[in-house]
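The values are calculated or read from the model by the stated rules, or taken from the named source; none is laboratory data. Please read these numbers as outputs of a predicted model, since none were measured by experiment. Reconstructed Cβ throughout: ideal geometry from the backbone, glycine too, with neighbour counts over all protein chains shown.
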Amino acid sequence: MTSELIETLWRQFGVEAGEHFDLLEKLLSATTDDRPDAERVAALFRSFHSLKGAARAMDLFAMEAVAHRAETVLGRVRTGALPLTEEVSAPLLEALDALRGLAESGIRDRRDGQAPADLLMRLDALGGETPADKRVAASPPPPPARLHENERMLGLFVGLLHDGMATLTRALDLDSLDGEGLRTVDDTADRLELACERLNFLPFADTLRRFREALAARDADAILRELQGVATASARIGRLTGKDAGAAILATLLADHNAQILARGSARADALLSDPAALADGASAGELAGLLDRMASTLDIVHLPRGSALLRVLADVMRRAPASGHADWPVLLADSRNALADLAERVSRDPAEDLDTDGAASLEGRLRAFVDAVSADLEAGEARRPLSADELSALGLDPSLLRFLSPDSAADLRAAIADPSVRLYEVTAFLETSAEVASGFVQWMGSKVRAITNWPEFIDGKTWLRVLVASPQELAALADALAAIDPGGGFLRIRSCTPSEPAAESEEASTSRTLEDPASPALPAVASAATAATTSPLASSHASSIPPAMPPVPVRHSVTPGGSVLRVPGEVVDRFMARIDGMVLLSGDLNATAHDPRFEKALAALTERLGAGDPDLRALHEAMDHHRRDLHDLDTQLSRSVDRLREAALDLRVVPVETLFNQFPRVVRELARIQGKSVRFVMEGGEVRIDKSMVETLYDPLMHMVRNAIDHGIETPADREAGGKPAQATLCLRAIQRNSRVVVEIADDGRGIATEAVRAKAVRQRLVGEEDSLQLSPEAVREFIFAPGFSTADTVTETSGRGVGMDVVRTAITRLGGSISIRTREGAGTAFAIDLPLSAAILRTLLVQVDDQVLAIPDRFVEEVCGFTADDFHLVSGCWTVLRRKRVLPVVRLADALGFSAEGDWPPVGSGQRLIVVLRHGNRRIGLEIDRLLRRGDLFVRESHPGLADVPGVGGVSLLNDGRIVIILDGDELYRLAAAAQRREAATAALHPRMNAGS
């Protein structure tokens, strides 16, 4: 194995282990309210199992031992033998810390480490294992069957299969799987499929291929079905080889998942069945029918056919005859609820049990008879006669629509057919995400069209509503109306059902008016669960599938989920941004050239001199003017293109803010425990994206505020109850994106900030006089919180009271180009809002020059640039000043403030103007004399050398397009340096009064 490959493997191991560590930290630190226990335990189980397999692959056996014991503990939690309490979570968090350390040392030293013995013993105790248990000799396993002539390759395959099981089961939770996660799952399945093909396990390879197709289509039912096939195949391989092929872990996680689906489905179905009046509405009945069908598909997978058959019949009843007024309906409804409750209880057993044969068959027969009786009662005359499948086909409709057509709907359909001015359309709508779309769609249905019938359809894990409507309007007009309701075209779709057009060529339109866009795929058909066929890797053939009622959408095997997601090192993105930064500067140079006033003046002078002279010169003048206009147009177009390119590149630097937020649940938990407080930690807006460079910079400010909130803001449970509050406090960390800004807020419902206590402390610390303090507004008083060394804590603790914190917070946030504000109410709580730019990589600056060095001052600190003559400079209290807008402005040389060697006279002498940059810092102003003003421009901030970063006043570096280095100045530090230079100047003037007087 080459050294390059080894480095790649270690690097990949580090990335994947880090992802698991972050997930485990989040799950173990979460409260039980954050995620259902069963799902949370399953996710923990998967991550520890994956870490165990990855550690074994890299020969990190100490890490494997810790992960295995944590997995064993969670196995007991999963079975209910051990509750996931604080006493259990704490050792698991210690195991996580140990795994982090072992992984870091393994990556650094390329060798195994030493697992903490006391931790292993405590985990063994929780897992129910003792040293005596391990000394009991196990009976030798039966000799394995010979599956393949290459035993080494077979052994590698079994190990690969075992390690990949936990990754495959991540597909069960599609909602939480992003593009990168999909790619990881697909890559694992792809490797296993390739290995099966090389070992000639072709049926198993087919199962994995179908799994990948289901994953690409995000078909939850098909994913579950194929994973069941993987479990069966891996179990058989394990039995025949005598090795652990991962079947046990997969079976465990599948059982957990199926149990959760059925438990949630049973609860929702019972709630719907408990309200007969609501079931008379087609929407509720349709929801229940779709839910029962999904539960039936799950029962098919776990081999409970009687329960599955009963649920399918009940779903059919809900679609065809939810008539609450029928005499037999209340009794049937009650019996159906009882059967559903019995089924839910049986499924929760270990192993799961099916319904009693006689009882299920009896209820199924009664339900079928009820549908027939209701249909017979409703039939009246030819107008209400049900249509046949052939009649529907002739109308361009799907014959399967028959089961959704009641006699009334059939009559409405016949009336629409008889009216030559009316056309039939099928509308497909998803109304569960956007309330605006749902409301607009309902209004449209009531005014623009006449509904004939509707039915739910489960597509890609979501319940869609299909509606057959009649309208005299053309397809284009209806599509335009729907586009006004759903501009994005993601929730509403309409197609024509006109019989004069072949079915294969029927018009179809989304709300975005893509009437004939072949790139817009039709909604996929949902195949019956009966198409499932569990496949063994060694079987020569498998059961044929029952063809679906509608042809499935073809799957392109070359397209893998998340295939457009690439893992790119951060330094590569930074180099890319640097190239774009060069383009931005070149664009700025072109802009300066295109709008050079010297060219404008020369052209004006030429026009004045030519007058009505030589026609050839006049033509030359017009050509130059035309060239100037073209140059301006080119500059505008290039500037827009570069701006768009830069915005797109900035998207590469942003990461979800939850990568930052996920570091705090454990901190909150530990601090609350130490102080004897009960705190519920809530995180919101984790999907908001911020510049990756901000994540590390924001950690310390947020940590300060979290500590302050728990130490100062949140009361003890006894104090909260005495004040009429819940004993458990709430601490919320949320992110909100507002255009090109991100607001990060940390809020608590604690005691709030005592404004009077802050004012009194500020007076004692001589930050303000007593009389002046009484004139300040509450908002101004609270600003003292950000003063250096300020703290209202009476005692110093491990977490606060030292007077270090909020001043550091504001400084760090200001350096990111942000600001911080406070909202508080005594007795109710406090919220700190941090307002930040979306990216800290691009900085708007004023470029100036001092001697030969180009410097950049952040634009937010620059108030204006002014010109003054030598006569405008006056000495006031030993400092040089100018009069600006009737106010005295102190002025220093920028070179003196930064400690550069300065040439020339100071104060300036002679004719001509000197340029002064007015620097603002809060309510204070100071002038900086510069040699030359270049321009305003956006700079890409690069990481500076540690030695340069330590230089006072330096905030970063960048490059000009000609290769010159630009020093980006820190606005806060620059003001401090300028004020210090001013004080030195005053001290010098005091030592040499005559010399300065003579000046």
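With the requirement that a residue be part of a loop (DSSP other than H, G, I, E, B) and at pLDDT below 85, what does segment 663-685 give you?
Matches in segment 663-685: Gln663 only.
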Which numbered condition in (1) crowded, with 16+ Cβ neighbours inside 10 Å; (2) in contact with a strand residue (DSSP E or B) (Cβ under 7 Å, 6 or more places away or on another chain) is the only one that Glu863 fails?
(1)
Going residue by residue through segment 34-48, is there one that turns out to be of a type outside the set (Ser, Thr, Tyr), within 15 Å of Ala103 (Cα to Cα) and either assigned by TED's automatic domain parsing to the domain that holds Leu119 or modelled with pLDDT under 80 (or both)?
yes
Before we move on, is Asp711 in contact with a Ser or Thr (Cβ under 6 Å, 6 or more places away or on another chain) and within 29 Å of Leu93 (Cα to Cα)?
yes
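Matching residues to (1) within 30 Å of Gln228 (Cα to Cα); (2) modelled with pLDDT of 80 or more:
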| residue | (1), (2) |
| --- | --- |
| Ala283 | no, no |
| Arg294 | yes, no |
| Gly325 | no, no |
| Ala339 | yes, yes |
| Gly359 | yes, yes |
| Leu367 | no, yes |
Single unsatisfied condition, Glu94 versus (1) out of contact with any Gly (no Cβ under 6 Å at 6 or more places or on another chain); (2) surrounded by 19 or more Cβ atoms within 10 Å (Cβ to Cβ)
(2)
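Residues checked against (1) at pLDDT below 85; (2) surrounded by 13 or more Cβ atoms within 10 Å (Cβ to Cβ); (3) within 16 Å of Arg707 (Cα to Cα):
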residue	(1), (2), (3)
Glu771	no, no, no
Glu779	no, no, no
Arg782	no, yes, no
Ala787	yes, yes, no
Thr799	yes, yes, yes
Thr811	yes, yes, no
Gly817	yes, yes, no
Arg825	no, no, no
Any idea which residue in segment 416-443 is nearest to Ile494 (Cα to Cα), counting only those that are in contact with a helix residue (DSSP H, G or I) (Cβ under 7 Å, 6 or more places away or on another chain) and at pLDDT 80 or above?
Tyr425
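Tally up the residues in segment 341-357 that are within 16 Å of Ala269 (Cβ to Cβ) and either modelled with pLDDT under 80 or among the hydrophobic types (A, V, I, L, M, F, W, C) (or both), please.
6
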Taking the condition of being among the hydrophobic types (A, V, I, L, M, F, W, C) and either in the same structural domain as Thr814 (by TED's automatic domain parsing) or within 15 Å of Leu974 (Cα to Cα) (or both), how many residues in segment 855-883 meet it?
5
Given (1) over 20 Å from Pro952 (Cβ atoms); (2) in a strand (DSSP E or B), Ile857 misses just (1)
Check on Leu915, at pLDDT 85 or above and under 46 Å from the mean Cα position of the chain (by Cα):
no
Checking Asp190 against (1) crowded, with 21+ Cβ neighbours inside 10 Å; (2) touching a Lys or Arg at 6+ places or on another chain (Cβ under 9 Å), which single condition isn't satisfied?
(1)
I need the full set of residues from segment 720-752 which are surrounded by 14 or more Cβ atoms within 10 Å (Cβ to Cβ) and free of Cβ contacts under 8 Å to residues at least 12 places away in the same chain, in order please.
Arg720
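Is it the case, given these coordinates, that Arg268 is more than 34 Å from the chain's Cα centre (by Cα) and in a helix (DSSP H, G or I)? Quick ask: steps written out before the conclusion?
Numbers: more than 34 Å from the chain's Cα centre (by Cα): no; in a helix (DSSP H, G or I): yes.
Spelling it out, it is not the case that Arg268 is more than 34 Å from the chain's Cα centre (by Cα) and in a helix (DSSP H, G or I).
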